[in-house]
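A short worksheet on the structure shown next.
No value in this document is a laboratory result; all are computed from the given coordinates. Just so it is clear, the structure is predicted and the values come from calculations on it, not from any experiment. When we count neighbours, we look across all protein chains shown, and the Cβ atoms used for this are built from the backbone with ideal geometry, even at glycine.
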Amino acid sequence: MESQVTPFVQILYRSVARHEDFHPSDLDILRTAIKFNAAHGVTGILLRIDEQFFQALHGPVRDIEALMARIADDERHQNMEILLREEALDISPFTDWSMSYDSILGFEQELGLQEDGTYPLISTDRARALIALFAKTATSVATYGSAFPFARLSGENDAAYLERLDGLA
């Protein structure tokens, strides 16, 4: 009898935060994500810019679907919009990180509010490019670290990252 391979998926979504940038709820979201994701084989990165969250996730379909249901019900944000959902390889583009966090990348990619007060339109191709860029950033931070206080440090595993974040809370 053949063993069934668990399908994997990658998702990029955007939502609007209910609290200002760097609110304590951001740390709470990040700490909760690390714990859940590490226990379920999910990896990704959370980006915060101009009242928006962008989150790229990779993992087993069943676990991602459960996670997305939890995220959709989370009262710390609203107006969740799935920008991309597609099948993926079983190898994560985010190395072995359950979750990381960034803010500067959003400004560099002009993901913030437009001059007219609207959020930028994100095409499917742009969403794929953003996931690739987020993954490249995760690899770079894993190698060189980051000066951003909520981001991972070079060589920092999930347990050490979580312990450091707990100290910031």
Can you pull out every residue in the range 23-53 that is in contact with a Pro (Cβ under 9 Å, 6 or more places away or on another chain) and on the phi > 0 side of the Ramachandran plot? GLY41
ARG14 vs. criteria of a type in the set (Lys, Arg), within 18 Å of ALA127 (Cβ to Cβ) and surrounded by 19 or more Cβ atoms within 10 Å (Cβ to Cβ): yes
For the range 59-83, pairs from a residue that is surrounded by 14 or more Cβ atoms within 10 Å (Cβ to Cβ) to a residue that is part of a helix (DSSP H, G or I) and among the aliphatic types (A, V, I, L, M), with Cβ under 6 Å and 6 or more apart or across chains, are MET80/ALA72; LEU83/ALA127
Could you pull out every one of the helices (runs of 4 or more DSSP H) wholly within the range 86-169 that has 1 or more residues that are over 14 Å from GLY44 (Cα atoms), among the small types (Gly, Ala, Ser) and free of Cβ contacts under 8 Å to residues at least 40 places away in the same chain? 124-144, 158-168
Can you pull out every residue in the range 34-62 that is charged (D, E, K, R), more than 22 Å from ARG126 (Cα to Cα) and more than 15 Å from the chain's Cα centre (by Cα)? ARG62
